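Structure first, then comments.
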Amino acid sequence: MSVRLFRYGILLVLGTFFLLPLFAMLEFSTRGGLEGGRDLSAWRAIGDDPQLVDAILTSLQLAVLTSVLMLVLLLPTMVWVHLRVPVLRRLVEFLCLLPLVIPAIVLVVGIAPLYSWVTYFLGDSSLTLTFVYVVLVLPYAFRALESGLSAMDLRTLSEAARSLGAGWGTVLLRVVLPGVRGAVLSAALLTVALVLGEFTLASLLNFPNLQVAVNLIGKRDAALSIAVSLAALLLAFGLLLALSIVGGRRRTSREVEPLAPTPAPATDGVRA
Amino acid sequence: MTSGTEVRLVDLHRAYAGVPALDGLDLRVEPGEFVSLLGPSGCGKTTALRVLGGLETVDRGQVLVGGQDITDVPAHRRDMGMVFQAYSLFPNLTARDNVGFGLRLRKVSGKDERRRAGELLELVGLGAQAAKYPHQMSGGQQQRVALARALAIQPRVLLLDEPLSALDAQVRVQLREEIRRIQTELAITTLFVTHDQEEALAISDRVGVMSKGRLEQLDAPATVYRQPATPFVAEFIGVTNSFAGTVADSSVVLPAGSRLPARVVAAHPAGSAVRVLVRPGDLQVRTDGPGQLSGTVLTQSFLGPVTRLSVKLPSGDVVRVDVPSERAAATPTGAPVELAVDPSAAMLADARG
Ligand SMILES: Nc1ncnc2c1ncn2[C@@H]1O[C@H](COP(=O)(O)OP(=O)(O)OP(=O)(O)O)[C@@H](O)[C@H]1O
Ligand SMILES: [Mg+2]
């Protein structure tokens, strides 16, 4: 009984801790003018500010571009490492986790000179932020994909497919991708959430993404900036919730496989 | 539907980190023949099969299929059906779609693909399970589907790497007979890897015994069983008794002085040091007089129709003798026994081997 109370207590404290700021944001962004009461004008104004709309579109495009580029770069690389050069696995993991320990400011100092070349070749569109963001999401995407790849018998399945006449491209599209669908989805959603909330790098490199715009607007119209922030937060929350539901479904579907064998160890274990 | 293709492996070498897995393997499989590769763990059976399937490269040597050198052809252009030891069905596809996978890659029309997949599932006895997913099938069923999938592409050669080893004894026997039936029906050249000697002897046209990356003997099952070419083969095929001795006219003199009768051939002139190899079933317990060996029973283990005795000789060596189980009571643990060797069954080998 007391254990249960304790559990609820903890839930309550944590819930308050997370939700209170959100409620405060909601309250503030819907506050009426001098006469008091509720008023949605700040929320309506989101669509009226062309600068803000641009920033939102930029961030959404960045989210999509980053997800795609991350997958195109990371998935084939990881499959290749798993199958062909498993000795490099630790090294790749280390490289992918690096962005987690390098402070953003250091990253910018290192990247800024590179960006003068990027802008020289590709123009100064905010979308060039994609390249830094891909680096930034590596740790999260790597973890998600790694868990997906280790959960399937990648070697046997790809060899079976190849013996049936599949080239490497077909193996990736027809065998690997369906096998790690859940993991790919997680990686993509984590990427989207991270890109939508990114401020430091965009600001330091002078690209107006959503958070940079929110920060600017905050200086002139606090209610509007809070409304946008809350909307972005809720979107990210929604995505993470979707992710945990997808993850949960994957887990239960594995539980209803009483006949599913564990891959036989034998010699192939030596190879793996 | 498939006419057999000849397979030749010529002087294959493959080393991992300096340790040879294949060390000059030569093998020739006739068109339509069923050859088993038998050998202890780590002797290179899987490596040989993977080289043939294009999943592994060689350091030296050639792979010839139908007279054509395919050593450098990538796996997906080799047209070889493979069944693996680990379950290898695509988990997101039904049995039918698994079988149709290779056909789809060959741009077979949807209608033909479904028809052929259906036929093959019938062939392996799973016509009714076509719509099931791998996780809804038993291990034996999954391996049948894997076999159907490998056969669907009408491969030139069928490669089976211990496809039965994850299954229980009864299913194994049933499925191995089925594999043999289908193979005979389609006359498809087949290489079957196993480390179960009974399995290999039961279903093969010829059995190749491998050791340390090379072939020790390649012969019909009865020949491998009756005339093992080397002591290694003899031991692997179930001969567990071996005596060191010296050849003297028509027998072998053991260090302890007793004589074992044996068919002495020119390869072992009188006076040469040899080993005599005898199966437990080719030794008899004599009740009517002295035999060539005497000793005391150490243990009895019941094997069904026969009971295997461990008999300790005065020299300290332990020999294994099979006696009919109904007569095992006459030789309890600790009892002195006299043993006779069937001269036609004793095999001679070089002492070094
Ligand atoms: N990818 C690899 N990397 C390193 N060593 C390997 C690799 N593949 C095989 N070997 C080694 O080569 C040798 C032969 O292996 P192989 O898998 O062919 O044996 P096997 O006869 O199939 O054995 P088993 O009956 O246990 O399956 C073994 O010593 C194994 O450790
Ligand atoms: Mg093997």
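The values are calculated or read from the model by the stated rules, or taken from the named source; none is laboratory data. Predicted model, so just to flag it, every value in this text is computed and none were measured. Don't worry about glycine lacking a Cβ; one is built from the backbone with ideal geometry, like all the others, and counts go over all protein chains shown. SASA here: full protein model, heavy atoms, side chains in, ligands and nucleic acids out. Shrake-Rupley method; radii C 1.70, N 1.55, O 1.52, S 1.80 Å.
Given the options B:Thr57, B:Thr2, name the one that is at pLDDT below 95 and not assigned by TED's automatic domain parsing to the domain that holds B:Leu151.
On the way: B:Thr57 fails: not assigned by TED's automatic domain parsing to the domain that holds B:Leu151.
B:Thr2 is the lone residue from the list that is at pLDDT below 95 and not assigned by TED's automatic domain parsing to the domain that holds B:Leu151.
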For this session: Look through region B:1-44, keep the residues that are on the phi > 0 side of the Ramachandran plot, within 13 Å of ligand 1 (Cβ to nearest atom) and surrounded by fewer than 15 Cβ atoms within 10 Å (Cβ to Cβ), and return whichever of them is nearest to the other protein chains (Cβ to nearest Cβ).
Result: B:Ala17
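Going by the conditions given, is A:Ser163 among the hydroxyl-bearing types (Ser, Thr, Tyr), more than 16 Å from the chain's Cα centre (by Cα) and within 14 Å of chain B (Cβ to nearest Cβ)? Walk me through it before giving the result.
On the way: among the hydroxyl-bearing types (Ser, Thr, Tyr): yes; more than 16 Å from the chain's Cα centre (by Cα): yes; within 14 Å of chain B (Cβ to nearest Cβ): yes.
For A:Ser163, the condition - among the hydroxyl-bearing types (Ser, Thr, Tyr), more than 16 Å from the chain's Cα centre (by Cα) and within 14 Å of chain B (Cβ to nearest Cβ) - is met.
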For this session: Of all residues in region B:182-208, count the ones that are more than 14 Å from chain A (Cβ to nearest Cβ), under 28 Å from B:Gln154 (Cα atoms) and within 16 Å of ligand 2 (Cβ to nearest atom).
Result: 4
Problem set entry | Condition broken by B:Leu49, with the remaining ones in (1) within 24 Å of B:Asp205 (Cα to Cα); (2) away from ligand 1 (no atom under 13 Å from the Cβ) satisfied | (2)
Problem set entry | Hits in region B:245-296 - residues which are in a loop (DSSP other than H, G, I, E, B) and open to solvent by less than 60 Å² (accessible area, probe 1.4 Å) | B:Leu254, B:Gly257, B:Ser258, B:Ala262, B:Val264, B:His268, B:Gly271, B:Ser272, B:Arg279, B:Gly289, B:Gly291, B:Gln292
Problem set entry | Residue list for region B:176-213, restricted to those being open to solvent by less than 10 Å² (accessible area, probe 1.4 Å), closer than 16 Å to B:Arg8 by Cα and more than 16 Å from ligand 1 (Cβ to nearest atom) | B:Ile188, B:Thr189, B:Thr190
Exercise. Just wondering, is there one or more residues in region B:297-311 that are closer than 17 Å to B:Ala234 by Cα and either open to solvent by less than 40 Å² (accessible area, probe 1.4 Å) or in a loop (DSSP other than H, G, I, E, B) (or both)?
Worked result: no
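Quick check: anything in region A:37-50 surrounded by fewer than 11 Cβ atoms within 10 Å (Cβ to Cβ) and within 23 Å of A:Val192 (Cβ to Cβ)?
Yes - at least one qualifying residue is present in region A:37-50.
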Exercise. Within region A:57-80, how many residues are aliphatic (A, V, I, L, M), under 19 Å from A:Val171 (Cβ atoms) and surrounded by fewer than 19 Cβ atoms within 10 Å (Cβ to Cβ)?
Worked result: 3
For this session: Name the residue, out of B:Lys132, B:Lys111, that is more than 16 Å from ligand 1 (Cβ to nearest atom) and away from every other protein chain (no Cβ under 14 Å).
Result: B:Lys111
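Table: residues versus (1) within 16 Å of ligand 2 (Cβ to nearest atom); (2) without any contact (Cβ under 8 Å) to a residue 12 or more places away in the chain; (3) crowded, with 22+ Cβ neighbours inside 10 Å.
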site	(1), (2), (3)
B:Thr46	yes, no, yes
B:Gly110	no, yes, no
B:Leu151	no, no, yes
B:Leu159	yes, no, yes
Problem set entry | Flag if B:Gly81 is assigned by TED's automatic domain parsing to the domain that holds B:Leu12, open to solvent by less than 70 Å² (accessible area, probe 1.4 Å) and assigned to a strand (DSSP E or B) | yes
